[in-house]
Amino acid sequence: MADTGRSFLIKKAGTAIAGARENGVSVDNSPINITGKGDSGFRTLASFAGEKALDISVSGVWTDKIMRDTALGADNMLTDVTIDFADGGDISCDFYLANYEETGVHNDAVTFTCSMQSSKAWTYTTAV
């Protein structure tokens, strides 16, 4: 099954706040370098990540002004967010709204681009 961008949905507290026409997901699971003197100069990496980061970039339309209000407000943290993928999988966590640009109206909905960065742990549920 092919996924489509318009099926990428951003929800806050279970309510859809934005749909994406284009999206990107970047996962960084950078390991910890534990190379020691006994490793003969070869790098040895821990089997766990030292820091996990999840970055989402979106271009789409919002159905509720939560994205704009968050971007222009004092607190740029979006809490209780779920990203739904077209295949039925989802990611849930809090995201920091790092970048936001509003580009106008499209069919009575505001178009926007934004980038969001994970804060704390996230939960990924794979599609069934």
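Rule-based calculations on the coordinates, nothing more; no lab input. Predicted model, so just to flag it, every value in this text is computed and none were measured. Every residue, glycine among them, receives a Cβ derived from its backbone with ideal geometry; neighbour counts consider all protein chains shown.
Based on the convex hull around the alpha carbon atoms, the chain presents an average projected area of 10.5 nm².
Spatially close Lys pairs in the chain, defined by Cα atoms under 21 Å apart and a spacing of eight or more places or different chains, total 5.
Of the chymotrypsin sites (Phe, Trp or Tyr not before Pro) found in the stretch 18-65, those in coil by DSSP whose Cβ has at most 14 other Cβ atoms within 10 Å are PHE42. Per residue, the convex hull around the alpha carbon atoms of the stretch 1-74 comes to 180 Å³. Distance between the modelled labels on VAL105 and ILE34, one decimal in nanometres: 5.9 nm (7 Å Cα→Cβ projection).
Restriction of the trypsin sites (Lys or Arg not before Pro) in the stretch 17-58 to DSSP coil positions whose beta-carbon has at most 10 other beta-carbons within 10 angstrom yields ARG43. Comparing ASP90, ASP55, ASP75 in a Gaussian network model of the chain, where Cα atoms under 10 Å apart are tied by springs, the biggest mean-square fluctuation is seen for ASP75.
With a simple spin-label model that places each label point 7 Å from the Cα along the Cα-to-Cβ direction, the separation between TYR96 and ALA13 comes to 2.4 nm.
Could I get the Rg over Rh figure for the stretch 34-75? Both from C-alpha atoms, Rh via Kirkwood, rounded to two places. Intermediate values should be presented prior to the final figure.
Working: Rg = 21.2 Å, Rh = 15.1 Å.
Ratio value, two decimals: 1.40.
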